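A short write-up of the structure that comes next.
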Amino acid sequence: MSFVSKFKLSFIITMSWLMIGCTTINVDHVRLRDDIELNAGDAMVVLGRHQTAEIQTEASLVACIGGRLTRGTDKVRIIPESEFVDAFYPWFEARTAPLRPAKLKKVLDQPMVAAKIAAMKIRYFVWVEGSTERTNSAGSMTCSIGPGGGGCFGFGTWEDTSDYETTIWDLKTFSEVGRVSTEAVGTSYMPAFVIPIPLLAQVEGDACQGMGNQLVRFFSDVSVQE
């Protein structure tokens with residue numbers, strides 16, 4: 001291996017170790033009622049808000065939170081969002097989904113909907129609202145191709161911010177019983193010395209873990225009635 005090749009490799013490895021994408025996350029949890037309960041076999045569905053172009057919660061985040069709950073608690077069954085929405089079409093599509101527990105009660109006034117909810121033993125809804133956005137970027141990079149080959153040179157950074165809130169509805173009382181909010185800010189790096197190396201902050205994944213862990217704690221404290 002030539003000196004230049006060794007230098008390039010050493011530079012890449014050093015940059016990779018020194019500049020790993022990092023995330024700062026804050027999670028807030030509010031329990032609005034102390035008398036949370038579950039019956040054996042109860043189920044819960046985690047749904048994302050998608051009612052407008054501005055409010056499009058990522059399906060990947062909703063699935064991640066549902067998966068975290070599935071792994072973290074055996075007290076309640078988790079029904080996937082897609083399965084639930086398909087089963088209750090069109091009542092929980094983007095433009096028709098209820099925004100408040102009182103509106104949900106009106107939906108359940110439909111005998112067919114109420115019968116399905118009862119058959120699936122759904123006790124809690126967890127609504128997830130928010131998004132991850134690019135909030136800042138800096139740096140530059142140039143790429144070229146010549147007779148001897150090509151490559152990219154430069155350095156760039158960008159910042160992503162995740163801002164999400166989950167609300168927990170109890171279908172027995174048609175009330176909101178809890179709320180979890182999270183804000184995650186992560187900085188990613190893209191150094192390039194011939195080959196660009198993205199060092200990404202896992203902002204959405206960190207937000208999922210923060211909210212998912214808090215929701216697991218929320219339901220872990222609940223006693224199950226046989």
For the range 21-225, restrict the atom set to alpha-carbon positions and state the Rg and Dmax in Å.
21.0, 74
Output ³J(HN,Hα) for the range 84-97: one whole-Hz value per residue in order, computed from phi by the Karplus curve 6.51 cos²θ - 1.76 cosθ + 1.60 with θ = phi - 60°, and x for Gly and Pro.
5, 4, 5, 5, 10, 4, x, 5, 10, 6, 3, 8, 10, 5
Order 66-73, 97-104 from most to least packed using the mean count of other Cβ atoms within 10 Å.
66-73, 97-104
Where nothing but the Cβ of Lys and Arg (+1) and of Asp and Glu (-1) is charged, how large is the charge dipole of the range 21-225 around its Cα centre, in debye to the nearest 20?
560
Summing Lys, Arg as +1 and Asp, Glu as -1, what charge do residues with Cβ under 15 Å from the Cβ of MET120 carry, MET120 excluded?
+1
Would you mind giving the average projected area, over all directions, of the Cα convex hull of the range 21-86 in nm² with one decimal?
7.1
How far apart, in nanometres, would the label points at THR24 and ARG217 be if each is projected 7 angstrom from Cα along the Cα-to-Cβ direction?
2.1
Lysine pairs in the range 21-225 8 or more apart or on different chains: how many have alpha carbons under 15 angstrom apart?
8
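Taken together, the values in this text are just the output of simple stated rules run on the coordinates, not laboratory data. Keep in mind it's a predicted model, so treat the numbers as computed, not measured. FYI the Cβ positions are ideal-geometry reconstructions off the backbone, even for glycines, and counts take in every protein chain you see.
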